[in-house]
Structure formats: C-alpha cells, structure tokens
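Inspection log for the structure reproduced underneath, given as structure tokens.
Here, each number is a calculation from the coordinates, and none is a lab measurement. If you're wondering where the values come from, they're calculated on a predicted model, not measured in any experiment. A quick note on method: Cβ atoms are made from the backbone with ideal geometry, for glycine too, and the neighbour counts reach across all protein chains shown.
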Amino acid sequence: MRFRRRRHSEDAELNITSFMNLMIVLVPVLLLSMVFSRITVLELNLPDSASPSASDDEQDKLDFLEVVIYPDYLGVNHPAGNRAASICTKDDGSYDFALLSQTLRQIKIRLEDEHQMEKDDIVLLAQPDTDYQTIVSTMDTVRSFKAVVAAGEVDAVLFPKVSLGDAPVNDPLVDKEKITCLTGVGGES
C-alpha cells in the first residue's frame, strides 16, 4: 500500500500588525528624544590697518570703540586712546558681562544724544591665551542686550558689527596697581 503525502499549497500569511503597533509607539518616542542642534554663524571683520587715533578728525576719534579682554578685567576704550571703563572680574573669577552691557549701552546713548551718531561697530581685542568661551560671551554681550518691550523680553541691538584683533600683552592705558574698576550696577570700587 502506498501512502501519499498531501502537500499543503496554502501560502503562509505574514502578520505585521504587532510590528506596526511597535512603530506607532516607537517613532514619536524617538522624535521627542532627538536633540536638535543649532549652528550660528557670526560675521566678523578684521580691524583696519590704519588706526583711527592717528587721524586729526574728531569724528574719527569718536567713532572708535573697543573692548580689550585682559585676564583680570575688561577694558572699554572710547574715544580712541581713552579708557572709558575698566570692568574687573567677579569674586569667582568670571567676567561681569552684565556690567559691560550696561557700560556699552551708556556709551551708545551718549553718542546718539550728544553727537547724533548711529554707531554699530566695535573692535574686540583679545590676548592669545584668552579662552574661546570668553571671546564668544563677550561678542554676544557687545552685539545685543535684553530689553523689555510691551511686557516681553527682546534682543535689542547694541553693536552688531564686531571686529576681532590682538590685544597688547600689557595694558598701556592702566598701571596694574592703579586700576579703578567698575563693580555692580553703576558703582565704582
């Protein structure tokens, strides 16, 4: 007697329902946990080779504004060759960028009120050993400040055109023992 095997010719169905359920849950979870990166590009200029202080024109002297980063303080020079303010580091060794912003706002207001001058450029001078974060934080501070408008906070423009340069190793405008630093809001120490 001969036995015949029956062959099942039915095709097996692929059940993807559970896989689709997993994807419905997994895709939103992955999207929510993604870290979005933001790249910001700042346009920088190199300072002119001819110093405005060599010019006899008073307008050129008023037009020159610079912030010099030293290890112990930030020097704000305005007009050319004159120290407007020295902003010392805080007790923890960090720079007081809020006071720098306030000082630059006062200079900008004085230029607009007394000299009817719209200034939008500044020179930032840093020493070779200045760390990157200090330079970026200083650039952010000189470019804009937070202002309250209609019960909301916005970025107000200060000096958006930033030029970079090398700072002198020793400050020619100040003797190290005679630095008069601004501290806090509107005071001198």
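For the stretch 108-162, the relative contact order is 37 percent, taking Cα pairs closer than 8 Å that sit 6 or more residues apart in sequence and dividing their mean separation by the residue count. When you restrict to C-alpha pairs under 8 Å that are six or more residues apart and normalise by the size of the stretch 62-128, the relative contact order lands at 34 percent.
Under 5 Å between amide hydrogens, built in the peptide plane, is the criterion, and for Ser144 it picks out Leu158, Phe159 among residues at least 5 positions away or on other chains.
Other residues lying with their Cβ under 15 Å from the Cβ of Arg105 contribute a combined charge of -3, Lys and Arg counting +1, Asp and Glu -1.
Close amide H contacts of Gln127 (hydrogens built in the peptide plane, cut-off under 5 Å, sequence separation of 5 or more or a different chain): Ile69, Ala167.
Note that the stretch 10-17 has calculated 3J(HN,Hα) couplings of 6, 7, 6, 8, 8, 9, 9, 4 Hz, one per residue in order, obtained from phi through the Karplus relation 6.51 cos²θ - 1.76 cosθ + 1.60 (θ = phi - 60°); glycine and proline are x. Residue by residue, the stretch 133-149 carries 3J(HN,Hα) couplings of 4, 5, 5, 5, 5, 5, 4, 4, 5, 6, 7, 7, 9, 7, 10, 9, 10 Hz when phi is fed to the Karplus relation 6.51 cos²θ - 1.76 cosθ + 1.60 (θ = phi - 60°); x denotes Gly or Pro.
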